[in-house]
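Reviewing the structure listed below.
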Amino acid sequence: GGGGPGGGLGEVLRPVSVTNEADKPLIVELAVTAMEELIRMAQSGEPLWVTDENSIDVLNENEYLRIFPRGIGSKPFANLGFRSEASREAAVIIMNPVNLVEILMDVNQWSRVFCGIVSRAMTLDVLSTGIAGNYNGALQVMTAEFQLPSPLVPTRENYFARYCKRHHDGIWAVVDVSLDNLRHAPFTRCRRRPSGCLIQELPNGYSKVIWVENVEVDDRGVSDIYKTLVNTSLAFGAKRWVATLDRQCERLASAMANNIPAGELGVLNSFDGRKSILKLAERMVNSFCTGVGASTAHAWTTLTGSDEIRVMTRKSVDDPGRPPGIVLSAATSFWVAVPPRKAFNILRSEKFRSEWDILSNGGVVDEMAHIANGRDPGNCVSLLRVNSANASQSNMLILQESSNDATGSYVIYAPVDFAAMNLVLTGGDPDYVALLPSGFAILPDREGPNRGIGIMEIGSGGSLVTLAFQILVDSAPNSKISVGSVATVNSLIKCTLERIRTAVMCNDA
């Protein structure tokens, strides 16, 4: 189960007072040892790393314990139901090393860039800011909570030191290591062995990144349909971190670009309009990601005891980016027997939208504007107009971003006001547009034939889809939520889920 009031979660993320003086030399020693371990891990081949059938580098645990006997700090937690999970991934990222290091060392940028993985994070203490002007030698104590975009997978909380160093060969390295052996350290169900990345500058200003994720974790709370994904380290492993980083750098590059093909603009008659829309879409995506995982129970009041559907409410007051009132959020995850790519293509396409979207029911959906923001044709921001059969709703626009990488995809959308959108299209400030994002996260279920029971229901090559809605149920923030509105949202989710199943099974995209 999750950490309720007084449970593990609140403990980890409550800002503990500044680190105990007596612990500081120990943290420094841990950080230095962790840095040496990370560099060796990143650069070793077999027998330390073995490539599995999904062509992912997987750690040979016995070899690891032989090379790195646990002298300082951590002791293996296997007897507490912890299992080790380690993976490694390398990629070329379109960003220079100094900017990448800044993203990793600034907790706000880090949380924003990795919003699909990092649900909450804080820097508790800075033991060293590094050499003036850059993060060489910087050391900080942090807490973070990692998530999968599904309420059915518990978050992983971590309490750790993050240390950054530029080595004499010009390679930057950023390493994390758990601090649970310190006095008063909160007990967590996830420990970070030395994990992090090496960043090497390439001649074209890009970076070669080697990422290592190495944790011990107790994930007995994971729902059955997600077990395989989590066990193959596709859920929290190095591949997902790198794919997310790659995708976000691509998004950033396209937001800064000023050589947009003329045909792309549509109703976007200016670069400023394009920039504003991309900024608005980024906020929409961040807001969706922070509202869909298992972490959000902190910010919301949980209403139902249903395992399948989680319904929560939140008051929204004085937030220019959200409509004022009581917001109801509902999320559920389910398995569907089509490959992720097909589910993604159908759910992002305006052509099939009226088949599942109850809001645009019966209406024709047109794409008014389209901004490509990545190499994959599915990576884009669109402005959709719903020409509803019902005349009173004729002013509805939908802002949508669809995004796909090697480890999963998202289709995230929000109804937007016509007048507000006109301001944004002419380059107006997007921060004042009120948004309540809904949408989907689609993850692969790459199960081999060894699952045994229930193989026919699960099959292989299916998709795990999380569906999440946010709805303004009352514009007065102090009203009580009615049983009726919860029931309505429950049936909305169930009905949409069935429609999605039908749409993805019956169409070709």
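The values are calculated or read from the model by the stated rules, or taken from the named source; none is laboratory data. Because the structure is a prediction, the values reported are computed rather than measured. Cβ sites come from the backbone with ideal geometry, for glycine too, and all protein chains shown count toward neighbours. We work out accessible area using only protein heavy atoms, side chains counted, and drop any ligands, DNA or RNA first. Shrake-Rupley method; radii C 1.70, N 1.55, O 1.52, S 1.80 Å.
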Residues of the range 41-70 satisfying the condition of being assigned to a helix (DSSP H, G or I) and over 21 Å from SER233 (Cα atoms): ARG66, ILE67
Near pairs, Cβ below 8 angstrom, 6+ apart or cross-chain, from the range 26-40 (under 15 Å from HIS168 (Cβ atoms) and in contact (Cβ under 8 Å) with a residue 24 or more places away in the chain) to any residue that is open to solvent by 60 Å² or more (accessible area, probe 1.4 Å) and not hydroxyl-bearing (Ser, Thr, Tyr): MET35/LYS165
Qualifying positions in the range 178-221 - β-branched (Val, Ile, Thr) and at pLDDT 95 or above: ILE199, VAL209, ILE210, VAL212
Test: residue in the range 133-148 that is among the aromatic types (Phe, Trp, Tyr), surrounded by fewer than 23 Cβ atoms within 10 Å (Cβ to Cβ), closer than 20 Å to PHE236 by Cα and not assigned by the TED database to the domain that holds ALA294: no
Residues of the range 339-377 that turn out to be open to solvent by less than 10 Å² (accessible area, probe 1.4 Å) and more than 26 Å from LEU472 (Cβ to Cβ), as a count: 5
Qualifying residues in the range 260-291 (those that are modelled with pLDDT of 85 or more and open to solvent by 70 Å² or more (accessible area, probe 1.4 Å)) - the one farthest from PHE469 (Cα to Cα): LYS275
Candidate set: the range 121-172, residues that are of a type in the set (Gly, Ala, Ser) and touching a helix residue (DSSP H, G or I) at 6+ places or on another chain (Cβ under 9 Å); chosen: the one farthest from ILE39 (Cα to Cα): SER150
Selection status of GLY196, buried (at least 22 other Cβ atoms within 10 Å of the Cβ) and assigned to a loop (DSSP other than H, G, I, E, B): no
Residue pairs meeting the criteria (Cβ under 7 Å; at least 6 apart or on separate chains; first free of Cβ contacts under 8 Å to residues at least 60 places away in the same chain, in the range 153-179; second among the basic types (Lys, Arg)): PHE160/ARG192
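Quick grid of which residues meet (1) of a type in the set (A, V, I, L, M); (2) not in a loop (DSSP other than H, G, I, E, B):
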site	(1), (2)
GLU102	no, yes
LEU124	yes, yes
TYR135	no, no
LEU152	yes, no
VAL175	yes, yes
HIS184	no, no
Complete set of residues in the range 404-446 that are hydroxyl-bearing (Ser, Thr, Tyr) and surrounded by 23 or more Cβ atoms within 10 Å (Cβ to Cβ): SER409, TYR410, TYR413, SER438
The range 323-336, residues that are modelled with pLDDT of 90 or more and surrounded by fewer than 22 Cβ atoms within 10 Å (Cβ to Cβ): PHE334, TRP335, VAL336
Odd one out for THR244 among (1) at pLDDT 80 or above; (2) closer than 30 Å to ARG191 by Cβ; (3) β-branched (Val, Ile, Thr); (4) not assigned by the TED database to the domain that holds PHE82: (4)
Any hit, the range 398-405, residues being in the same structural domain as GLY363 (by the TED database), modelled with pLDDT under 90 and among the small types (Gly, Ala, Ser): no
Residue satisfying condition, being modelled with pLDDT of 70 or more and within 30 Å of GLU157 (Cβ to Cβ), within set ALA257, ALA238: ALA238
Of residues in the range 137-150 being in a loop (DSSP other than H, G, I, E, B) and in contact with a Phe, Trp or Tyr (Cβ under 8 Å, 6 or more places away or on another chain), the one nearest to ILE309 (Cα to Cα): SER150
